[in-house]
Amino acid sequence: ALPICVAYINEDYLAWLPDRCFDLALMIMRDYCALAPEQRSALLDKIERLLGPGGALLFDVDSMVRLASRTESVSYTPALGGGFWSADPYFEFHNSYTYPEDGVALDKFVVVEAERTLTFYNWIQCFSPESLGAELGRAGLEIDSLLGDVTGRSFDPQSPEFAVIARRRSS
């Protein structure tokens with residue numbers, strides 16, 4: 001068996017300019033879904049250039065099933081002892097929106113503290129295998145394997161997420 005060399009790199013993958021090729025790029029926790037379209041395109045172009053011969057990209061995404069199960073909502077939560085957004089007391093206002101025609105959901109959080117108000121927008125792009133395949137294709141990649149998740153579970157078309165192994169498009 002060949003030795004396995006793993007490099008854990010703690011960098012901003014959108015800005016990082018590596019000086020070598022890789023056999024595997026891994027992106028987990030559906031992080032790809034939070035990127036804007038131009039960020040996803042630039043990232044895929046970069047990964048396509050950085051994959052060595054036979055190299056692969058393994059990542060997971062939210063499916064259209066997840067988007068279909070979301071409902072638009074408004075909620076208010078006092079966190080008088082502090083919490084996720086801040087160690088200080090705050091009030092959280094959360095609005096959920098869906099844009100089915102674009103395959104996108106938005107969670108907007110407004111956090112009101114005594115001295116400041118913060119607003120966070122969490123955009124989530126959802127995919128079908130076909131829409132993800134088309135996006136990969138524009139970067140010269142194609143889906144090699146369709147999986148249920150990054151651990152290799154079998155693909156389930158009714159699951160709220162799925163994973164793919166993508167490789168350079170064969171000529």
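The values are calculated or read from the model by the stated rules, or taken from the named source; none is laboratory data. Values in this document were obtained by computation on a predicted structure and should not be read as measured data. Counting neighbours? That spans all protein chains shown, and the Cβs are built from the backbone with ideal geometry, glycine included. The area values use the complete protein model at the heavy-atom level, side chains included, leaving out ligands, DNA and RNA. Shrake-Rupley method; radii C 1.70, N 1.55, O 1.52, S 1.80 Å.
Take SER63 and decide whether it is of a type in the set (Ser, Thr, Tyr), more than 28 Å from ARG168 (Cβ to Cβ) and out of contact with any Leu (no Cβ under 8 Å at 6 or more places or on another chain). Criteria not met by SER63. For residues in region 51-65 being open to solvent by 60 Å² or more (accessible area, probe 1.4 Å) and touching a residue at least 24 places away in the same chain (Cβ under 8 Å), which is farthest from ASP107 (Cα to Cα)? In this case the residue turns out to be GLY54. For the residues GLU11, GLU48, the requirement of being outside any strand (DSSP E or B), open to solvent by less than 70 Å² (accessible area, probe 1.4 Å) and not hydrophobic (A, V, I, L, M, F, W, C) singles out GLU48. Within region 152-171, the set of residues being in a loop (DSSP other than H, G, I, E, B), hydroxyl-bearing (Ser, Thr, Tyr) and either open to solvent by 50 Å² or more (accessible area, probe 1.4 Å) or in contact with a Cys (Cβ under 6 Å, 6 or more places away or on another chain) (or both) comprises SER170, SER171.
From the set of residues in region 95-109 that are of a type outside the set (Asp, Glu), without any contact (Cβ under 8 Å) to a residue 24 or more places away in the chain and open to solvent by 30 Å² or more (accessible area, probe 1.4 Å), which is nearest to LEU132 (Cα to Cα)? For region 95-109, the residue satisfying everything is TYR99. Give the residues of region 19-35 that are among the hydrophobic types (A, V, I, L, M, F, W, C), farther than 15 Å from ASP62 by Cβ and part of a loop (DSSP other than H, G, I, E, B), sorted by residue number. Scanning region 19-35 gives a single hit, CYS21. Scanning region 8-65 for residues that are small (Gly, Ala, Ser) and on the phi > 0 side of the Ramachandran plot yields a single hit, GLY54.
The number of residues in region 110-151 that are hydrophobic (A, V, I, L, M, F, W, C), within 27 Å of SER73 (Cα to Cα) and open to solvent by 50 Å² or more (accessible area, probe 1.4 Å) comes to 3. Counting only strands (runs of 3 or more DSSP E) that sit completely within region 61-148, those holding 3 or more residues that are modelled with pLDDT of 95 or more and of a type in the set (A, V, I, L, M, F, W, C) correspond to 104-112, 117-127, 141-147.
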